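Peer 1: Starting off with a structure, shown below.
Just so it is clear, none of the values below were taken in a lab; they were calculated from the coordinates. Predicted, not measured: the structure shown is a model, and the values here were computed from it. Every residue, glycine as well, gets a Cβ built from its backbone with ideal geometry; the counts of neighbours run over all protein chains shown.
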Amino acid sequence: MSADLIDLCYLVAAVLFMVGLKGLTRPRTAVRGNLFGALAMLIAVVATLLHQDILSVTGLLIAIAVGSIVGVVLAVKIEMTAMPQLVALFNGLGGGASVLVAGAYLAGREFSERLSSGVCFADVLTATAASGLIGAVTLSGSLIAFAKLQELKAVRDISFPGQKLVNLLLAAGCAGLGTLVVMQPEHAELWYWGMSLLAMVLGILLVISIGGADMPVVIALLNSYSGLAASATGFVLNNNLLIIAGSLVGASGLILTRIMCDAMNRSLWAVLFGTMQSGGSSASDDEVYAHVKSTSAEDVAMMLEVAQRVLIVPGYGMAVAQAQHAVRDLTNSLLKHDIDVQFGIHPVAGRMPGHMNVLLAEADIDYERLQEMDDANSMMDQVDVAIVLGANDVVNPLARTDPGSPIAGMPIIDVDKARTVVVVKRSLSPGFAGIANPLFAADNALMLFGDGKQAIAEITKAFNDG
Amino acid sequence: MSADLIDLCYLVAAVLFMVGLKGLTRPRTAVRGNLFGALAMLIAVVATLLHQDILSVTGLLIAIAVGSIVGVVLAVKIEMTAMPQLVALFNGLGGGASVLVAGAYLAGREFSERLSSGVCFADVLTATAASGLIGAVTLSGSLIAFAKLQELKAVRDISFPGQKLVNLLLAAGCAGLGTLVVMQPEHAELWYWGMSLLAMVLGILLVISIGGADMPVVIALLNSYSGLAASATGFVLNNNLLIIAGSLVGASGLILTRIMCDAMNRSLWAVLFGTMQSGGSSASDDEVYAHVKSTSAEDVAMMLEVAQRVLIVPGYGMAVAQAQHAVRDLTNSLLKHDIDVQFGIHPVAGRMPGHMNVLLAEADIDYERLQEMDDANSMMDQVDVAIVLGANDVVNPLARTDPGSPIAGMPIIDVDKARTVVVVKRSLSPGFAGIANPLFAADNALMLFGDGKQAIAEITKAFNDG
Amino acid sequence: MSILSLAVQEIGSELAVAAEKTAETAADVGAATGGSSHLILLLTVFVLAVFVGFEIITKIPPTLHTPLMSGSNAISGITLVGAVLAAGGDNGLVAAILGYAAVIFATMNVVGGFVVTNRMLAMFRPRK
Amino acid sequence: MSILSLAVQEIGSELAVAAEKTAETAADVGAATGGSSHLILLLTVFVLAVFVGFEIITKIPPTLHTPLMSGSNAISGITLVGAVLAAGGDNGLVAAILGYAAVIFATMNVVGGFVVTNRMLAMFRPRK
Ligand SMILES: NC(=O)c1ccc[n+]([C@@H]2O[C@H](COP(=O)([O-])OP(=O)(O)OC[C@H]3O[C@@H](n4cnc5c(N)ncnc54)[C@H](OP(=O)(O)O)[C@@H]3O)[C@@H](O)[C@H]2O)c1
Ligand SMILES: NC(=O)c1ccc[n+]([C@@H]2O[C@H](COP(=O)([O-])OP(=O)(O)OC[C@H]3O[C@@H](n4cnc5c(N)ncnc54)[C@H](OP(=O)(O)O)[C@@H]3O)[C@@H](O)[C@H]2O)c1
């Protein structure tokens, strides 16, 4: 296959990637969009396999087969709630691939030829170093993120004095070695692998000190890195497709990061380096929770019977409790009695963007019912019963009232403005932000203690019986 | 200046063009956006002047100065109502430039060298032919469009039997000569100019038979062509910037064309070749206009005094009458008596997209008051008095009722659904579509005959006195 | 989406054209640059730019369509760059004459276009 | 706009990097291709792609952010192409080993990513 035809295939693939991403802008076209992406990838790989330089296709096919099988198995076996981990894992692999490819280039024929030919090619070397650096950070960082989200005991939140300094030194070291790669091409490999090693350590240290709930931000960022790494590799092999696809990913990662940070009202810097300032509100939990009223599933069911509109605000707890199917059943029962059911979805409810949407979609809940925060808040005054299911920070009024609190200024869903609020959680223990929630003690709030799934199921039962 | 630095400047310019266009997405940032575009152009030209191949900069600076002066004078002297013509004129010049540049390339040194060197470079030749072809059509077509919009007597709507066939032959001829340019590089110049000549004739014939009111569509299309021509020139000189800027323009032109066609509910094909089918409705004007009630400025003023919300629907007539300032005065008087004034802007009101917005903005009317068609229609039931100012087709109910009419299915502003409608125009004569308008005879409609500017001024006077 | 489809078919056709061109040029250009051929790169740039164009333009509100029209019209005068190269290089008399004419035309298009657009947009400054 | 600014600064920095690179490479690459240097073209492609990315991604609704995350993650596995080239060409043992490892990693990323994304999206089909 002529080099130009291959490049043409790459162009087609690039277009398909873009069209595919465009498909993701609407739920109806999203599935197709994803398939376009896969198709593009297929075209690209096949075209590459037909490249004249490729010696044995069979070997490659085997390797691809192996990778595919593992990938599919992982993707099919995984629980929907474990999605973040999986993404982190895959992301790490992608970064790792970049490191290896750039390394292979330095070990390869073209490089040695260029080297002996003596013409300077600093641009390629710069790109090589870049893809190694970014790739390595992505690799180790993602794996740590994976471990944390899996809550593997091995990795606790480690942070030691002068950590920032160490990171800084490591970064400087990487930069130095990177420059050496460019300056001393003859020792390029040595410097390259040294740099990659340092970069991996750096990746570990950067991520290990970040709290579990911030992982989504980290993942999004690392995702964007892996994209940039791919772009860099593209510059090494001067390959359009890698550059384009890579920068698409880079862009998407950056945007997601920004969205999450905005929604949490924290700067990216604070997420990455600042540990959260601990709750500024002086009030002790006992004070805050002095007048908490708890209720029973039966009482809730009775309230629901006389309600016109119910708003369900799910949070991380729903994911933990796997309560989405129970929620679906409750919703259907309510709808049967023509009680309008809406869902208030906070942008950072759960542990990754759109986390709740995915879970509820999994439970066959029509996405027309999922209201974004602002819409949910604007309909709040017509809500008779708001059910807060395993959500905490995203409904914590302190964000509005207490400028000292770590979530101060984070936009929340104002369930406290609904007629009655039922909060379903196992205890009074705080959420990710680790601060007390005055909502639980509000006059119009009732606590329903228990595991989310069970509690909802009981409510449904009581509602259907009554 | 090194070739690479120049290319870098070009890249910067390209980015500025895109950022500039992005600025046009919001009125607040639009001015800046436009300036970015101008800045980008400046950078590009300066960088080019510093190119090593450039012999005498002074000569070029003079030429540029001449062009600039003429351009500025035209741009500053022009009436806002004559905007479409001017755009058409400039557009033509752009197309012409493409023809000349491609021609110059064929006459130039690089070409003759490449020719003697004997290596085939069909791609460049293809691009050359393309930019000549597209450019020539753009040039002549735009000039005709200009003449028509200027209502120069010289050009009437000419259309003769078998015109389509002639056009087809001309197109074939251009294609043929274009191929010859590629096939016989040694005679390239000959074939090239022959093709360009044919293409210009084609451009004339294509546009001359199109009705004046369809010109905006034509201009948008030609605009997109001139963009593509620039891109083609970019392929000739293998210059990124030309390619990027050109394709941006190409895209914008295509989109505008599409928008206008949709808003008129006519296919692009129908606009370009189909002459409008003449009014299908059998009813004669006399029947339609049997019960037309006409009114006086004083009566209108009285109605306005008791009105809460007034909707003004301007059309081409406002542009002809230059009535926008009168409208502004009326608006202010009404607002002083806290009567809410809104404007209903039909996407194809006037003679080019956004025509009305520009005129009203010129008259200092806050663009917050300009409602798009759908918003205007959704507020129609709270409108006490709707003033139709020199609009006709865009408020013609036949579009909804009579499937046979030429504007059947074109979305309109439903002023007939307002409590009372006052139609300001000089006579009962039809608008662009050339069909009667039953609205004028509706029970809730009153005609105020007279020139738009005068009529509105009288209403204002009566209103302020009364 | 209609726009998108437009974009895609636009690109589609471009690719078709490209396909043949490529075949012809594989020989010379391809060789020259080792990696992906120069033409393909230019083509890629074109396609990407079209995408950017469609994405940005579709976001522009009707209010600004006339300014957009004249603004993009001004941008299309970018041929000025080509004109300058044609007029300025030593390409013999004919090329020079053509080039200079092109420079004047293009400059009118560019300068006039931007000025008139600016005039229009200046009116859109928010009131009250 | 924050996104745009992001994009721009992103690009800005890129350009900075480019500037130096270019200086160095003016010699070889520039010469090779007559017109605009290869590197610049690649850079242009990069910048344009970033623009397309920002424009498209900003249109994606929150509902689809998780699929977007895993989907774009799958796309980032595009290094697979590079891996295949590295593993397949005759580059000696070391390169081959590294290449093959890369192929396996990248494939997992790609295939797994697309499948899992598809699984998520399949749930978004409209009900009733
Ligand atoms: N979505 C994202 O992209 C993202 C990214 C980064 C950070 N975050 C952060 O994550 C937090 C999300 O807020 P959130 O309100 O959704 O969650 P949250 O504030 O972390 O609170 C979750 C609550 O669910 C309860 N819970 C846990 N397991 C449960 C079970 N099995 N049954 C019932 N309840 C259970 C817990 O209380 P009990 O232990 O008493 O049951 C906990 O208070 C925000 O602070 C946000 O900033 C989100
Ligand atoms: N906007 C675009 O981009 C675009 C593009 C292509 C086609 N078009 C077409 O243009 C038409 C625009 O519709 P339209 O309603 O705005 O205009 P119209 O249908 O052309 O009607 C204009 C009316 O204004 C009246 N008029 C003319 N001069 C006047 C003056 N000095 N004072 C008062 N009234 C005056 C005329 O009636 P009298 O002669 O009785 O006064 C005429 O009926 C549509 O058919 C549309 O399809 C628009």
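Peer 1: Taking every pair of distinct Cα atoms and averaging 1/r, then inverting, what Kirkwood hydrodynamic radius in Å comes out for the stretch A:248-399?
Peer 2: Answer for the stretch A:248-399: a Kirkwood hydrodynamic radius of 17.3 Å.
Peer 1: Measuring from a point 7 Å out along Cα→Cβ, what nm distances, shortest first, does C:Leu93 have to its partners in the other copies?
Peer 2: In ascending order, 7.3 nm.
Peer 1: Follow-up. Compute the acute angle (0 to 90°) between the alpha-carbon long axis of helix A:57-77 and the principal axis of greatest extent of the alpha-carbon atoms of chain A; round to the nearest 10°.
Peer 2: That works out to roughly 10 degrees.
Peer 1: Return the loop-located trypsin sites (Lys or Arg not before Pro) in the stretch B:107-215 (DSSP other than H, G, I, E, B) with at most 11 other Cβ atoms within 10 Å of their own Cβ; answer none if there are none.
Peer 2: Hits after loop and neighbour filter: B:Lys153, B:Arg156.
Peer 1: Also, quick follow-up: Among A:Ile413, B:Ala349, A:Leu254, pick out the residue whose Cα is farthest towards the positive end of the charge dipole of the protein assembly as shown, where Lys and Arg carry +1 and Asp and Glu carry -1 on C-beta, about the Cα centre.
Peer 2: A:Leu254
Peer 1: Using the Kirkwood formula over every pair of different C-alpha atoms, what hydrodynamic radius in Å results for the stretch B:1-135?
Peer 2: About 17.6 Å for the stretch B:1-135.
Peer 1: With a 10 Å radius around each residue's Cβ, average the other Cβ atoms per peptide and rank A:128-141, A:391-404, D:109-122, highest first.
Peer 2: The densest-packed peptide leads the list: A:128-141, D:109-122, A:391-404.
Peer 1: If you count, for every residue in A:32-44, the Cβ atoms of partner chains within 10 Å of its Cβ, what is the mean?
Peer 2: Other-chain Cβ atoms within 10 Å of each residue's Cβ, averaged: 5.
Peer 1: While we're here: Just give me a number: lysine pairs in chain A, eight or more positions apart or cross-chain, with C-alpha atoms less than 16 Å apart.
Peer 2: Counting lysine pairs in chain A gives 4.
Peer 1: Counting Lys and Arg as +1 and Asp and Glu as -1, each charge on the Cβ, what is the dipole of the stretch B:364-466 about the Cα centre in debye, to the nearest 20?
Peer 2: Dipole about the Cα centre, nearest 20: 420 debye.
Peer 1: About the Cα centre, and with charges only on the beta carbon of Lys, Arg (+1) and Asp, Glu (-1), how big is the dipole of the protein assembly as shown? Nearest 20 debye, please.
Peer 2: 180
Peer 1: What's the center-to-center distance, using Cα atoms, between the stretch A:85-113 and the stretch A:240-256 in Å?
Peer 2: Using only Cα atoms, the two centres lie 17 Å from each other.
Peer 1: Convert 20 °C to kelvin, take the viscosity as 1.002 mPa s, use the Kirkwood radius over C-alpha pairs of the protein assembly as shown as Rh, and evaluate the Stokes-Einstein diffusion coefficient in µm²/s, rounded to a whole number.
Peer 2: For the chosen part, D equals 66 µm²/s.
Peer 1: Something else about it: Based on alpha-carbon centroids, what's the gap between the stretch D:67-112 and the stretch B:2-62 in Å, whole number please?
Peer 2: So the two Cα centres are separated by 39 Å.
Peer 1: Find how many whole Å separate the alpha carbon centroid of the stretch B:171-221 from the alpha carbon centroid of the stretch B:415-430.
Peer 2: About 44 Å separates the Cα centre of the stretch B:415-430 from the one of the stretch B:171-221.
Peer 1: Return the average number of partner chain Cβ atoms within 10 angstrom of each residue Cβ along peptide B:83-93.
Peer 2: 6
Peer 1: So if I place +1 on the C-beta of Lys and Arg and -1 on the C-beta of Asp and Glu, and nothing else carries charge, what would the dipole magnitude of chain B be about its Cα centre? I want it in debye, nearest 20.
Peer 2: In debye, rounded to 20, chain B gives about 760.
Peer 1: Could you tell me which of B:Ile312, B:Leu268, B:His337 has its Cα farthest along the dipole of the stretch B:266-396 towards the positive end, charges placed at Cβ (Lys, Arg +1; Asp, Glu -1), taken about the Cα centre?
Peer 2: About the Cα centre, the residue reaching furthest to the positive side is B:Leu268.
Peer 1: Per residue and in cubic angstrom, what volume does the convex hull of the Cα atoms of the stretch B:182-270 have?
Peer 2: Taking the convex hull of the Cα positions in the stretch B:182-270, it is 99 Å³ per residue.
Peer 1: With runs of 4+ DSSP H residues as the only contributors, calculate the mean residue ellipticity of the protein assembly as shown at 222 nm using -39,500 (n - 2.57) per run, divided by the residue total and rounded to the nearest 500.
Peer 2: Only helices count here, giving -20500 deg cm²/dmol.
Peer 1: Mind checking which aspartates and glutamates have their C-alpha under 14 Å from C:Lys59, skipping anything on the same chain fewer than 8 residues away?
Peer 2: C:Lys59 reaches D:Glu55.
Peer 1: Would you order A:Asp123, A:Asp381 from fewest to most other beta-carbon atoms within 10 Å of each residue's own beta-carbon?
Peer 2: Ordered from fewest to most neighbouring Cβ atoms within 10 Å, A:Asp123, A:Asp381 come out as A:Asp381, A:Asp123.
Peer 1: For the stretch C:48-128, what does the alpha-carbon gyration tensor say about shape, rounded, prolate or oblate, given a ≥ b ≥ c as the root eigenvalues, a/c under 1.5 as rounded, and a/b over b/c as prolate?
Peer 2: Here the stretch C:48-128 falls in the oblate category.
Peer 1: Would you compute, for the Cα atoms of the stretch B:324-454, the largest minus smallest coordinate along each principal axis and list the three values in descending order, in whole Å?
Peer 2: 44, 31, 30
Peer 1: In whole Å and largest first, what semi-axes does the C-alpha gyration tensor of the stretch B:119-199 yield when each eigenvalue is scaled by 5 and square-rooted?
Peer 2: 30, 14, 8
Peer 1: I've got another one for you. Among B:Ser231, B:Ser56, which comes first, then next, by fewest other beta-carbon atoms within 10 Å?
Peer 2: Final ranking by Cβ density, sparse to dense: B:Ser56, B:Ser231.
Peer 1: With the cut-off at 36 Å, report for chain A the share of all Cα pairs above it, as a whole percent.
Peer 2: 39
Peer 1: Neighbouring Cβ atoms within 10 Å as the yardstick, rank A:Trp191, B:Trp269 fewest first.
Peer 2: B:Trp269, A:Trp191
Peer 1: A further question on this structure: Give me the compactness ratio for the stretch B:106-252, meaning the Cα radius of gyration over 2.2 N^0.38 Å.
Peer 2: My calculation over the Cα atoms of the stretch B:106-252 gives 1.13.
Peer 1: Give me Rg over Rh for the stretch B:312-362, both radii from the alpha carbons and Rh done the Kirkwood way, two decimal places.
Peer 2: For the stretch B:312-362, the value is 0.98.
Peer 1: Measure nothing but the geometry: give the 0 to 90° angle between the long axis through the Cα atoms of A:122-149 and the longest principal axis through the Cα atoms of chain A, rounded to 10°.
Peer 2: 30
Peer 1: In degrees between 0 and 90, to the nearest 10, how far off the longest principal axis of chain B does helix B:188-208 point, with axes built from Cα atoms?
Peer 2: So the inclination is approximately 10 degrees.
Peer 1: Which whole number gives the average, over all residues in B:254-263, of C-beta atoms from other chains lying within 10 Å of the residue C-beta?
Peer 2: 4
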